[in-house]
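Just so it is clear, none of the values below were taken in a lab; they were calculated from the coordinates. Keep in mind it's a predicted model, so treat the numbers as computed, not measured. Note that we place each Cβ from the backbone using ideal geometry, even for glycine, and neighbour counts take in every protein chain shown.
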Amino acid sequence: MPLIYLGICLVFLILIMMKLRVNAFIALLLSAFLVGVLNKMGLLSVLDSLTKGIGDTIGDLVLILTFGAMLGKMMEVTGGAYKITHVIIRKLGTNRITYAILIAGFIIGMPMMYNASFLVLIPIIYSFSYVSKIPLMQLGIPLSATLSIAHGYLPPHPAPVVVSQMYGADINTVFIFGLILSVPAIFVAGILLPKFFTKVSATPPPNLFTPQQYENTPSFGISLVCATIPFILMATSAIFKNYQIEWLEFIGDPNIALFIAVILSIYLLGIRRGKSMDSLMKNLGDAASSIAMIVLIIAAGGGFKQVLSDSGSANYIRDIALASNFNPIILAWMLAAVIRLVLGSATVATITAAGIMVPIVQTIDVPLEIMVLATGSGSLMFSHFNDIGFWMFKEYYNVSIKQTFMIWTVMECLIGIVGLLGCLIINMIL
C-alpha cells in the first residue's frame with residue numbers, strides 16, 4: 001500500500017502543477033501532507049515531520065545558494081562576466097570561437113543560475129555572430145550546452161547542492177566528479193552536436209532583447225579570480241581531504257569559499273572601481289530576492305522527503321528496490337527523467353526523485369557523490385513545452401518549434417545520457 005499511496009501523491013503533484021498551475025512550493029507541501037494522511041500519520045505528526053524536513057534542509061543550504069546568487073549578480077552588474085567572455089573569444093580567435101564560448105560559458109555558468117547567465121551572455125553571442133559572420137546557431141548551441149551542464153552537474157547550483165545534502169554526499173567531491181563528467185558532455189553536446197545543424201538559419205529576434213552596454217569593465221584577471229576562486233578552494237580542499245588540514249577544510253567549505261568570493265568581488269569588482277556601497281548592497285539584495293522561490297521549493301522538497309521517511313514509505317520503497325536488484329544509479333536517473341518529462345522543472349525533478357531515493361542510497365555500495373550526479377543527469381532529460389529553457393532557446397534564437405525539439409531537446413537528452421554513462425563508468429572504476 002505505501003507504494004500505491006506514493007503513486008497517488010505523485011499523480012496528485014503532477015495534476016495540480018500541470019492542470020491547476022499550482023506553484024511547485026505549494027504543490028510539494030500539499031503532496032507531502034497527502035503522503036502522511038494516506039499513511040495514517042495524523043495531521044500534527046505530518047506537520048512536525050514537514051517542519052523538521054524543511055528546517056534541516058534549509059539550515060544546510062541557504063548560505064550556499066545565497067552566496068552563489070550574490071557572486072553571480074556581482075559578475076553580471078559589474079561587467080566581470082562580459083569581460084571574461086569577451087577576452088576569451090578575442091584571444092582564441094574566430095577559428096576557435098566555439099571553444100572560446102564553451103570555456104567562457106562554463107566559467108560564467110558555474111556561479112550563475114542558468115537563466116541569468118544565459119541572459120548575460122546572449123548579447124555577446126549576437127555581437128560575435130554578426131562580426132565574425134558565423135551562423136548564430138553554431139555559437140548558440142555551445143553556449144546553451146555548457147550552461148546546462150553547469151546547471152545540472154555542479155555546485156553551487158541548487159539541484160546538485162540540495163541532493164548532496166539529502167544523500168549526505170561530500171559536495172566538494174560532487175564538484176570534482178561533476179568536472180570530470182563535464183568534459184565528455186561538453187564534447188558531445190557542445191562540439192559534435194552543432195555540426196549537424198550548420199544549415200539552420202537563426203537570427204536575433206527583433207525588439208526581444210536589448211544588449212546591455214558595459215563601460216569601465218574590470219580587468220580580465222580580476223574577473224577570472226572572482227569567478228573561479230570558490231571552485232579552486234573547494235577543489236583544493238577535496239584533493240587534500242585525507243590530510244585533515246583544518247584551515248584548508250575551513251576555506252574549502254562551500255559556504256566559506258563562496259563567502260570569500262563574494263567579499264572579494266565586492267571590493268575588487270565594486271569598491272575598488274568606484275562603485276558605491278549602497279548600490280552594491282542593493283544588487284546583493286536583489287540577488288537574494290531572486291532565489292527566494294527556489295529556496296522555498298528546495299525546502300518543500302526536504303519536507304516531502306522527511307514525510308516519506310517518517311510515514312514508513314521510504315523503508316518500503318527501499319525494501320522493494322533492494323529485492324529487485326535494480327541498479328540504483330539507473331533507478332535514480334530514470335526517476336528524475338520521468339518527473340522532468342512530466343513537470344518540466346529540472347530542479348523540482350531532481351528534488352522529488354532524490355526524496356524517493358534517500359532510503360535506497362543509504363543501503364547501497366555506490367558512492368553517494370555518483371548518486372547525486374546520476375539524479376542530476378536524469379533531470380536534464382526530455383525538455384519540452386513545460387520547460388522555460390525550451391522557450392528561451394526558441395525565442396532568443398528565433399527558431400521554430402520543430403527546430404527547438406531537434407536541437408534543444410536533443411542537446412538536453414545527450415547531456416543527460418552522457419551523465420548517466422559517466423556515472424556508471426566512474427562507479428566501475430571506483
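Would you work out the relative contact order for the chain, in percent, from Cα pairs under 8 angstrom that are 6 or more residues apart?
Values: 685 pairs, mean separation 102.6, N = 430.
With pairs under 8 Å counted, the relative contact order is 24 percent.
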Where the eigenvalues come from the Cα gyration tensor of the stretch 222-369, what are the semi-axes √(5λ) of the equivalent ellipsoid, largest first, in whole Å? 38, 22, 13
Using alpha-carbon positions, the gyration tensor of the chain gives root eigenvalues a ≥ b ≥ c; with a/c under 1.5 called rounded, otherwise prolate if a/b exceeds b/c, else oblate, the class is prolate
Each label point is 7 Å from the Cα along the Cα-to-Cβ direction; what then is the distance between the points at Lys91 and Trp247, in nm? 3.0 nm
Can you give the calculated 222 nm mean residue ellipticity of the chain, where each DSSP H run of n ≥ 4 adds -39,500 (n - 2.57) and the sum is split over every residue, rounded to the nearest 500 deg cm²/dmol? -24000 deg cm²/dmol
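Express the C-alpha Rg of the stretch 148-254 as a ratio against the empirical globular expectation 2.2 N^0.38 Å, rounded to two decimals. Mind showing how you got there, number by number?
Values: Rg = 18.6 Å, N = 107, 2.2 N^0.38 = 13.0 Å.
For the stretch 148-254, the normalised Cα radius of gyration comes out at 1.43.
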So what's the angle, to the nearest 10 degrees on a 0 to 90 scale, between helix 328-343 and the longest Cα principal axis of the chain? 70 degrees
From the square roots a ≥ b ≥ c of the eigenvalues of the alpha-carbon gyration tensor of the stretch 4-49, which class results: rounded (a/c under 1.5), prolate (a/b over b/c), or oblate? oblate
For each of Ser164, Ser182, count neighbouring Cβ atoms within 10 Å of the residue's Cβ, then give the residues from fewest to most. Ser182, Ser164
If you average the C-alpha positions of the stretch 81-152 and of the stretch 355-372 separately, how far apart do those two centres end up, in angstrom? 35 Å
Cα-Cα pairs of the stretch 98-143 separated by more than 17 Å (percent): 25 percent
Measuring from the longest principal axis of the C-alpha atoms of the chain, the long axis of helix 2-18 (C-alpha) lies at a number of degrees, nearest 10, equal to 40 degrees
Which entries of Lys83/Lys133; Lys133/Lys199; Lys73/Lys275; Lys133/Lys195 have Cα-Cα distances beyond 19 Å here? Lys83/Lys133
If I fit a long axis through the Cα atoms of helix 254-265 and take the longest principal axis of the Cα atoms of the chain, what angle between them do I get, 0 to 90°, rounded to 10? 20 degrees
So for each of 219-226, 276-283 I average, over its residues, the number of other beta carbons within 10 Å; can you give me the resulting order with the highest mean first? 219-226, 276-283
Using a 7 Å offset from Cα along Cα-Cβ at Ile176, what residues in the stretch 373-412 end up with backbone N under 16 Å from the label point? 373
Would you mind computing, in nm to one decimal, how far apart the modelled labels at Arg272 and His384 are, each placed 7 Å from Cα along Cα→Cβ? 5.0 nm
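Multiply the residue gap between Lys52 and Trp391 by 0.36 nm, knock off their C-alpha separation, and tell me the result in nm, one decimal place. Could the numbers behind the result be given before it?
Values: separation 339, 0.36 × 339 = 122.04 nm, distance 3.65 nm.
Once the chain is fully extended between Lys52 and Trp391, it gains 118.4 nm.
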Given 64-71, 87-94, 373-380, 146-153, the highest-first ranking by average Cβ count within 10 Å works out to 373-380, 146-153, 64-71, 87-94
Among 5-15, 414-424, 346-356, how do they line up by average Cβ neighbours within 10 Å per residue, starting with the highest? 346-356, 414-424, 5-15
Could I have the simple spin-label model distance between Val183 and Phe196, label points 7 Å from Cα toward Cβ, reported in nm to one decimal? 2.4 nm
